[in-house]
1. Just one of (1) more than 17 Å from Thr109 (Cβ to Cβ); (2) among the β-branched types (Val, Ile, Thr); (3) open to solvent by less than 30 Å² (accessible area, probe 1.4 Å) trips up Thr60, so point out which.
2. Restricting to the range 95-112, and then to whatever is open to solvent by 10 Å² or more (accessible area, probe 1.4 Å) and of a type in the set (Val, Ile, Thr), can you tell me which residue is farthest from Arg71 (Cα to Cα)?
3. Of all residues in the range 14-52, count the ones that are over 15 Å from the mean Cα position of the chain (by Cα) and open to solvent by 30 Å² or more (accessible area, probe 1.4 Å).
4. Output the number of the condition that Phe11 fails; it satisfies all remaining conditions of (1) open to solvent by 60 Å² or more (accessible area, probe 1.4 Å); (2) without any contact (Cβ under 8 Å) to a residue 40 or more places away in the chain; (3) of a type in the set (A, V, I, L, M, F, W, C).
5. If you take the residues in the range 1-36 that are at pLDDT 95 or above, aromatic (Phe, Trp, Tyr) and outside any loop (DSSP other than H, G, I, E, B), which one is farthest from Thr57 (Cα to Cα)?
Amino acid sequence: QARLVESGGGFVQAGGSLRLSCAASYITFSVYAIGWYRQAPGRQRELVASITHDSRTSYTDSVKGRFTISRDNAKNTVFLQMDSLKSEDTAIYYCNARWYAQDYWGPGTQVTVSS
């Protein structure tokens, strides 16, 4: 059974940084596209950043220039470096792995940015 586990969330002041990790188990990690999503209270889940199996990246406009997604296939891990954090970045952040019809989610990690 595939397993994704996020870590690295926490509480930070505006302007600070956090680095999220998503560790995968029991999947052929290198073939999967990975996405970081977030969901704030009362809002729909949104795609923040994604990285393809061959490391092409994309970002939602609100995080461009502040967030960086990367992957280490040797460690079955994807990272999300978040800099210049804003209060509106406060949300639960989820990792998603997708390959054709196979689609897996982690339980999420809370990020709280205080202004």
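1. (3)
2. Looking at residues that are open to solvent by 10 Å² or more (accessible area, probe 1.4 Å) and of a type in the set (Val, Ile, Thr), I get Thr112.
3. Here the count works out to 11.
4. (2)
5. Phe11
The values are calculated or read from the model by the stated rules, or taken from the named source; none is laboratory data. Note that the structure is a prediction, hence the values are computed from the model and not measured. Counting neighbours? That spans all protein chains shown, and the Cβs are built from the backbone with ideal geometry, glycine included. All accessible areas refer to the heavy atoms of the entire protein, side chains included, with ligands and DNA or RNA removed. Shrake-Rupley method; radii C 1.70, N 1.55, O 1.52, S 1.80 Å.
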